[in-house]
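The values are calculated or read from the model by the stated rules, or taken from the named source; none is laboratory data. Nothing here was measured: the structure is a model prediction, and the numbers come from that model. Using ideal geometry, Cβ is built from the backbone for each residue, glycine included, and neighbour counts are taken over all protein chains shown. Just the protein is used for accessible areas: all its heavy atoms, side chains included, with ligands, DNA and RNA removed. Shrake-Rupley method; radii C 1.70, N 1.55, O 1.52, S 1.80 Å.
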Amino acid sequence: MSANLARPDAAAAHAPRLQGHLPVLDGVRGLAVLLVVFFHTTHLSDQSAVGRATWWLAGAGWTGVDLFFVLSGFLITGILWEAKGQPYFFRNFYMRRFLRIFPLYYLALAVSFLVLPSLAGRLNLDQRITTEGATWYLLYLSNFYQLWVDTTHPILGVVWSLAIEEQFYIVWPFLIAAVSYRGAIRLCLGTIAMAMLVRVGLTLSGASVESTYVVTFCRVDSLAVGALLSLALRHPEGVGLKAFPWMRYAVWAAVPVVLTLVVLPVGPAFHTVNRTVGYTAIAVLFGAVVHRAVAVAPGHPLNRFFSSKLLRTYGKYSYAIYLIHSPLDAILRRTSFLRTPLKPVLGSDFPMQVVFYVVAAGLSLGIALVSWNLFEKHLLKLKDRFPYGERPKAAEPAPLAGGSSGATR
């Protein structure tokens with residue numbers, strides 16, 4: 001390979017399909033959040049073939065988090081690599097991440113730690129809704145707190161993954177800024193190897209299954225898989241994945257591992273395979289999915305699938321849906337109509353489970369739409385002040401009282 005491997009500015013010219021907003025990746029994000037919602041809102045007891053199949057499919061929904069990790073690593077690393085060396089590299093990246101992540105996250109914390117504890121007794125809410133552990137959540141360390149107390153917050157049980165991503169965002173820009181292209185590839189491979197070795201070590205030492213699921217060093221390989229794919233597609237000489245033929249072998253090696261997880265019943269053998277090599281294998285296959293999503297031509301069945309309006313809509317509002325769906329599930333399970341255990345209809349609770357899915361997914365989307373239009377999108381407009389490759393825009397003078405600034409977006 002030529003000496004221009006260290007040049008991040010060469011990437012943009014060789015990856016036209018990676019530039020700008022790609023609607024197909026909204027569809028990938030939508031699939032990820034629907035997998036997680038499917039996982040958390042399944043309360044079926046039907047033991048028929050349909051019921052068992054539903055439980056089996058729902059049981060795989062936790063992998064939606066891994067798809068989120070892979071997609072985040074892919075997108076963030078692409079942003080960082082293309083912005084590398086530009087003015088205000090760190091400032092713009094962190095401010096844009098702050099505006100996207102922090103406001104809604106801390107709003108959820110405010111409701112969970114300031115509002116709900118005072119209402120828990122009067123509204124017959126879960127008695128675990130207290131202010132305990134608030135500092136850990138404020139500092140994006142909830143994944144370590146969850147491991148320490150060996151339980152999850154009834155409202156914020158899903159934010160351990162957001163903590164991992166935020167910890168990744170803090171460190172990764174400095175690492176990417178410090179290395180050449182070859183160094184970045186080695187960095188990704190080293191991160192993947194480190195995560196696997198840490199999980200194997202914890203497994204051999206008898207550590208809990210939870211430790212290998214929520215500790216950052218154990219799960220960062222999924223983010224690194226996405227980062228590796230992003231860098232490979234931005235090869236400075238424009239050859240993309242052809243420069244890394246071993247990636248194809250990695251995908252084929254991941255297939256039997258995932259198939260083993262599919263056929264194994266949940267138990268000691270399943271957890272041993274999953275927590276050692278399983279998480280990495282799942283990430284590799286999801287990396288292949290992300291690659292195919294951006295590589296196939298418009299009109300291809302995979303492109304049409306991820307470009308569907310349903311998946312793109314859920315993908316656009318996935319952040320709020322992710323934060324909302326779990327507490328909403330808890331509320332629905334206390335209502336008379338959808339109270340769990342689910343009411344049987346003609347001897348089966350499968351029909352009510354379908355209703356539960358529709359109501360939970362629909363309400364999650366509805367609340368997310370309200371959050372987006374009243375709160376999120378207005379804060380996201382401020383990202384325009386921190387564009388990559390340019391100096392931040394000077395603040396515009398405030399409009400006169402009673403007047404209009406005339407600003408449009």
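Could you run through segment 202-257 and say how many residues are under 20 Å from the mean Cα position of the chain (by Cα) and either among the β-branched types (Val, Ile, Thr) or outside any helix (DSSP H, G or I) (or both)?
The qualifying residues number 6.
What are the residues in segment 52-83 that are touching a residue at least 24 places away in the same chain (Cβ under 8 Å) and farther than 30 Å from residue 386 by Cα, if any? Reasoning before the result, please.
First, pick out the residues of segment 52-83 that are touching a residue at least 24 places away in the same chain (Cβ under 8 Å): 54, 59-83.
Correct list: 54, 59, 60, 61, 62, 63, 64.
So for segment 266-288 (the condition being open to solvent by 40 Å² or more (accessible area, probe 1.4 Å), among the polar types (S, T, N, Q), out of contact with any strand residue (DSSP E or B) (no Cβ under 7 Å at 6 or more places or on another chain) and assigned to a loop (DSSP other than H, G, I, E, B)), does at least one residue qualify?
No, there is no match, as no residue in segment 266-288 is open to solvent by 40 Å² or more (accessible area, probe 1.4 Å), among the polar types (S, T, N, Q), out of contact with any strand residue (DSSP E or B) (no Cβ under 7 Å at 6 or more places or on another chain) and assigned to a loop (DSSP other than H, G, I, E, B).
Looking at residue 62, is it open to solvent by 10 Å² or more (accessible area, probe 1.4 Å), in contact with a Ser or Thr (Cβ under 8 Å, 6 or more places away or on another chain) and part of a helix (DSSP H, G or I)?
No.
Only one residue in 107, 75 is of a type outside the set (Phe, Trp, Tyr) and open to solvent by 60 Å² or more (accessible area, probe 1.4 Å). Which one?
107
Does segment 299-322 hold any residues that are assigned to a helix (DSSP H, G or I), surrounded by fewer than 15 Cβ atoms within 10 Å (Cβ to Cβ) and either of a type in the set (Val, Ile, Thr) or free of Cβ contacts under 8 Å to residues at least 24 places away in the same chain (or both), and which are they?
Once the filter is applied, which keeps residues that are assigned to a helix (DSSP H, G or I), surrounded by fewer than 15 Cβ atoms within 10 Å (Cβ to Cβ) and either of a type in the set (Val, Ile, Thr) or free of Cβ contacts under 8 Å to residues at least 24 places away in the same chain (or both), segment 299-322 yields 301, 304, 309.
Can you tell me which residue is modelled with the highest pLDDT among those in segment 1-48 that are open to solvent by 70 Å² or more (accessible area, probe 1.4 Å) and assigned to a helix (DSSP H, G or I)?
By that ranking, first place goes to 39.
Out of everything in segment 143-164 that is crowded, with 21+ Cβ neighbours inside 10 Å and more than 19 Å from residue 41 (Cα to Cα), what residue ends up being modelled with the lowest pLDDT?
Within segment 143-164, the match that is modelled with the lowest pLDDT is 146.
Right, residue 179: touching a Lys or Arg at 6+ places or on another chain (Cβ under 9 Å), without any contact (Cβ under 8 Å) to a residue 12 or more places away in the chain and open to solvent by 30 Å² or more (accessible area, probe 1.4 Å) or not?
On the way: touching a Lys or Arg at 6+ places or on another chain (Cβ under 9 Å): yes; without any contact (Cβ under 8 Å) to a residue 12 or more places away in the chain: yes; open to solvent by 30 Å² or more (accessible area, probe 1.4 Å): yes.
Yes: the conditions hold for residue 179.
Mind counting the residues in segment 331-351 that are among the polar types (S, T, N, Q) and surrounded by 14 or more Cβ atoms within 10 Å (Cβ to Cβ)?
Total meeting the criteria: 2.
I'd like to know if segment 298-305 contains one or more residues that are aromatic (Phe, Trp, Tyr), within 24 Å of residue 53 (Cα to Cα) and within 20 Å of the chain's Cα centre (by Cα).
yes
Kindly indicate whether residue 140 is assigned to a helix (DSSP H, G or I), at pLDDT 95 or above and either touching a Lys or Arg at 6+ places or on another chain (Cβ under 8 Å) or of a type outside the set (Val, Ile, Thr) (or both).
When the stated conditions are applied, residue 140 does not pass them.
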